[in-house]
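The values are calculated or read from the model by the stated rules, or taken from the named source; none is laboratory data. The shown structure was predicted, so the numbers you read here are calculated from the model rather than taken from an experiment. Because the Cβ atoms are built from the backbone with ideal geometry, glycine has one as well, and the counts that use them run over all protein chains shown.
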Amino acid sequence: MNQGWIRTALGLAIVTLTACGGSNNSTAPTTTTPPPAATISLAGTWSGTIARTGGSDSNKVTWAATQSGTSVTGPLVVTVVNGGNSVAVTGTLQGTISGSSVALTTTVPPGALTALGSATCSMTGTGTSTASTSSLSAAMAETWTASCIPNFVNSASQTEQLTMSK
């Protein structure tokens with residue numbers, strides 16, 4: 001046999017095996033999975049009130065919600081009237097949607113209440129709402145840091161009713 005022909009055939013075999021994935025260093029193609037679809041859309045601007053359960057006063061709230069799949073989040077602004085002046089306190093409200101139920105978490109970080117006299121006061125709250133595309137209501141169980149008492153709340157934990165519409 002012709003040695004040139006054998007070298008050519010051997011070279012073609014190596015090229016063919018490499019092109020067909022003959023190497024053990026192949027990687028599987030990656031795919032991006034989109035977030036699960038939500039049954040309701042909460043994206044948009046919401047407004048309403050938050051009031052201590054059993055209390056007579058309430059504060060105005062606005063929420064600019066963005067949504068990706070079943071996750072929704074955005075800044076929550078609570079307008080607090082203090083000595084005749086309105087002060088905006090900004091935190092975050094986020095949620096996870098399951099059907100028409102939304103598990104909510106709100107956070108007011110240290111520094112958000114500085115204009116009201118406390119740079120270290122902070123709060124977290126949780127609640128569950130049955131929501132629609134235009135209304136949301138939840139009893140929010142809140143936990144406040146010690147620096148908030150007695151300036152903003154009477155105890156480290158309280159429940160407030162959050163009611164909003166868009």
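Can you run down the residue pairs with Cβ atoms below 6 Å, 6 or more apart or on separate chains, where the first is in the range 44-61 and free of Cβ contacts under 8 Å to residues at least 40 places away in the same chain and the partner is small (G, A, S)?
Cβ pairs passing all conditions: S58/A51.
Considering only residues that are over 17 Å from W144 (Cα atoms) and hydrophobic (A, V, I, L, M, F, W, C), look in the range 78-103 and name the one that is farthest from the chain's Cα centre (by Cα). Give the derivation first.
Our first condition is that a residue be over 17 Å from W144 (Cα atoms); within the range 78-103, this holds for 79, 81-88, 94-103.
Filter again for hydrophobic (A, V, I, L, M, F, W, C), leaving 81, 87-88, 97, 102-103.
On the way: V81: 27, V87: 24, A88: 21, I97: 10, V102: 11, A103: 10 Å.
Here the answer is V81.
If I filter the range 125-156 down to residues being crowded, with 17+ Cβ neighbours inside 10 Å and in a strand (DSSP E or B), which single residue comes out as farthest from the chain's Cα centre (by Cα)?
Selected residue: W144.
Looking only at the range 94-111, count how many residues are in contact with a Gly (Cβ under 8 Å, 6 or more places away or on another chain) and more than 23 Å from G44 (Cβ to Cβ).
1
Run A112 past the list (1) closer than 16 Å to V80 by Cβ; (2) part of a strand (DSSP E or B) and report the number of the one that doesn't hold.
If we test A112 against (1) closer than 16 Å to V80 by Cβ; (2) part of a strand (DSSP E or B), just (2) comes out false.
Restricting to the range 102-124, give me the number of residues that are of a type in the set (S, T, N, Q) and crowded, with 16+ Cβ neighbours inside 10 Å.
Taking the range 102-124 as the starting set, the residues that turn out to be of a type in the set (S, T, N, Q) are 105-107, 114, 118, 120, 122, 124.
In the following step, the residues that additionally are crowded, with 16+ Cβ neighbours inside 10 Å were identified as 106, 118, 122, 124.
Of the residues in that region, 4 qualify.
Here are the criteria: (1) within 18 Å of the chain's Cα centre (by Cα); (2) part of a strand (DSSP E or B); (3) modelled with pLDDT under 95; (4) among the aliphatic types (A, V, I, L, M). Tell me which single one A64 does not satisfy.
Of (1) within 18 Å of the chain's Cα centre (by Cα); (2) part of a strand (DSSP E or B); (3) modelled with pLDDT under 95; (4) among the aliphatic types (A, V, I, L, M), only one is false for A64: (3).
Take the residues of the range 104-119 that are in contact with a Leu (Cβ under 9 Å, 6 or more places away or on another chain) and of a type in the set (A, V, I, L, M, F, W, C): which is farthest from S147 (Cα to Cα)?
Of the residues in the range 104-119, the ones in contact with a Leu (Cβ under 9 Å, 6 or more places away or on another chain) are 104-108, 119.
Going one step further and asking which of them are of a type in the set (A, V, I, L, M, F, W, C), we end up with 104, 108, 119.
Values: L104: 24, V108: 13, A119: 9 Å.
Only one residue fits best here, namely L104.
Taking the range 36-53 as the region of interest, how many residues are at pLDDT below 90 and within 15 Å of the chain's Cα centre (by Cα)? Before you say what the answer is, go through the steps one by one.
At the first step, the residues of the range 36-53 found to be at pLDDT below 90 are 36-39, 52-53.
Keeping just the survivors that are within 15 Å of the chain's Cα centre (by Cα) gives 36, 38.
Of the residues in the range 36-53, 2 are at pLDDT below 90 and within 15 Å of the chain's Cα centre (by Cα).
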